[in-house]
Amino acid sequence: MPDGRAVGSMHELSIARSVVDLAVRAATDDASERILRVGVRVGAFAGVDAGALDAAFSVARLGTAAEAAALEISTVPLVCHCHDCDVDFDVDDRHGVARCPRCGVPSGDIRSGMELEVTFVEVM
Amino acid sequence: MTDRRTIGISVLSDRDEERGRLLEVEKGVLARNQEIATDNRARFARAGLGVVNVLSSPGSGKTTFLARLLSDRSDLPAAVIVGDLATDNDAERLREGGAEVVQITTGGVCHLEAAMVAGAADRLELDGKRLLLIENVGNLVCPAAYDLGEGFRVVLVSVTEGEDKPLKYPGMFKTADVVVINKMDIAEAAGFDRPALRANLAAVCPQATVFEVSARTGAGMPAFYAHLDEHLAQRAVPLG
């Protein structure tokens, strides 16, 4: 979200630190020394800018087992549910206006698109 | 460890010694915050507290809104947690009204986290309180993702901010239980386009209940109080 960028850097840095922490913990539990790659899933409306997160990750990883790790970001689109039509639908509006494609009524019932998760860690 | 297992061998490199193993993690980045928020919520429920997380841009009138609420509803014993980047000014203003106020100076951090609220709650006397108000850091982006353990979330927007605010910050508005449109007393002078903002709110956050108020004059506040009372009635600890 472009509007998030101006104030987003600080936020993405703390998110990136959490990502590194989770990855290092997974590697430590696995008795692995080096992290090659970290996968994250970011909802389109999670309030996190992928570019800013990537930049923040390149700083947050320093001095950890993820020092040379790459960040792999997969973006999850916003999916809402229409109660009247009983359907889930993808929302491609960047402002998040979630009108049901069948009946046109906006939905506030979010089924995905707000997540922020570490999905995998590649270690060696 | 049940939450991680090897799910494959990387094929990024041709050389065996450079191939890593993939560990499945599937963990929320903010999982720790969520756990603490869940603890907070249980703790506040045990205390019979209604907890309101108030969010907005800087200057939308969060502090005035809370000051009005505290003064109009002095029948509700209240505590306030104020998040501020650097100063103590907002906390001072609210303390003048007689409420117990704890300030969290985030030192530049752009949002409150559940752990900060837990720490602040430790410094408050919550026994006998009915209401805990949390004034979040003025920011419509970062605080959206952080559950604090609140009962409901109020996003404040004022008539001078532009009717497209919900379209610019959908991530925040989509998490709102209540939207309060503030500074209605100067709506006309500000050239406020009420139908446009209402339409944008209905499109971006149809789940939110919307109130139009002037925190400065107090107009429109009773409708919000009725909503708050309804929430508190659900939280009330049964007597005996």
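Tell me the angle of helix A:5-29 to the major Cα principal axis of chain A, expressed in degrees between 0 and 90 and rounded to the nearest ten. Roughly 60 degrees between the two axes. Cβ crowding within 10 Å ranks A:Asp30, B:Asp88 as B:Asp88, A:Asp30, fewest other Cβ atoms first.
If R₀ is 30 angstrom, what is the calculated FRET efficiency for the pair B:Gln234 and B:Thr105, using the beta carbon separation as r and rounding to 0.05? Kindly include the intermediate steps, with their values, before the conclusion.
On the way: r = 33 Å, r/R0 = 1.10.
After rounding, the FRET efficiency stands at 0.35.
With each label modelled as a point 7 angstrom along the Cα→C-beta vector, the B:Glu26-A:Arg102 pair spans 3.0 nm. Scanning chain B for cysteines with no neighbouring cysteine C-beta under 4.7 angstrom from their C-beta gives B:Cys205. Shown for A:Val20, B:Val157, B:Val210: other C-beta atoms within 10 Å of each C-beta, ranked fewest to most, produce the order B:Val210, A:Val20, B:Val157.
Could you put A:Ser14, B:Ser214, B:Ser60 in order, starting from the residue whose Cβ has the fewest other Cβ atoms within 10 Å?
Working: A:Ser14 18, B:Ser214 22, B:Ser60 26.
The most exposed by this proxy come first: A:Ser14, B:Ser214, B:Ser60.
How big is the antiparallel share of DSSP beta bridges in chain A, given as a percent to the nearest 5? Restricted to chain A, the bridges split so that about 70 percent are antiparallel. Counted over the protein assembly as shown, the DSSP beta bridges are approximately 40% antiparallel.
Between B:Arg43 and B:Glu188, what is 0.36 nm times their sequence separation minus the Cα-Cα distance? Round to one decimal in nm.
Values: separation 145, 0.36 × 145 = 52.20 nm, distance 4.39 nm.
Full extension from B:Arg43 to B:Glu188 adds 47.8 nm.
For chain B, DSSP calls about 10 percent of its internal beta bridges antiparallel.
Among B:Lys62/B:Lys129; B:Lys27/B:Lys165; B:Lys129/B:Lys174; B:Lys129/B:Lys165; B:Lys62/B:Lys168, which pairs are too far apart, with a Cα-Cα distance over 28 Å? Intermediate values should be presented prior to the final figure.
Values: B:Lys62/B:Lys129 21 Å; B:Lys27/B:Lys165 32 Å; B:Lys129/B:Lys174 30 Å; B:Lys129/B:Lys165 34 Å; B:Lys62/B:Lys168 19 Å.
In this structure, B:Lys27/B:Lys165; B:Lys129/B:Lys174; B:Lys129/B:Lys165 lie more than 28 Å apart at Cα.
Given a Förster distance of 45 angstrom, what is the FRET efficiency for A:Glu72 paired with B:Arg198, based on the Cβ-Cβ distance and rounded to 0.05? It comes out at approximately 0.65. Of the residues B:Lys62, B:Lys27, B:Lys168, the one that moves most in a GNM of chain B with alpha-carbon contacts below 10 Å is B:Lys27.
The GNM of chain B, with springs linking C-alpha atoms under 10 angstrom apart, assigns the highest mean-square fluctuation among B:Gly59, B:Gly151, B:Gly119 to B:Gly119. Both radii were evaluated on the Cα set of the protein assembly as shown; the Rg over Rh quotient, with Rh as the Kirkwood radius, amounts to 1.01.
Kindly express, to the nearest 10 degrees and within the range 0 to 90, the angle between helix B:62-72's C-alpha long axis and the longest C-alpha principal axis of chain B. That works out to roughly 50 degrees.
What's the local net charge at B:Leu55, with K and R +1, D and E -1, over the other residues with C-beta under 13 Å away?
Numbers: positive: B:Lys62, B:Arg153, B:Lys165, B:Lys174; negative: B:Glu135, B:Asp147, B:Glu150, B:Asp177.
Net charge around B:Leu55: 0.
Readers should treat all values here as calculations from the given coordinates under stated rules, not as data from a laboratory. Predicted model only: the values in this text are computed from it and were never measured. Note that we place each Cβ from the backbone using ideal geometry, even for glycine, and neighbour counts take in every protein chain shown.
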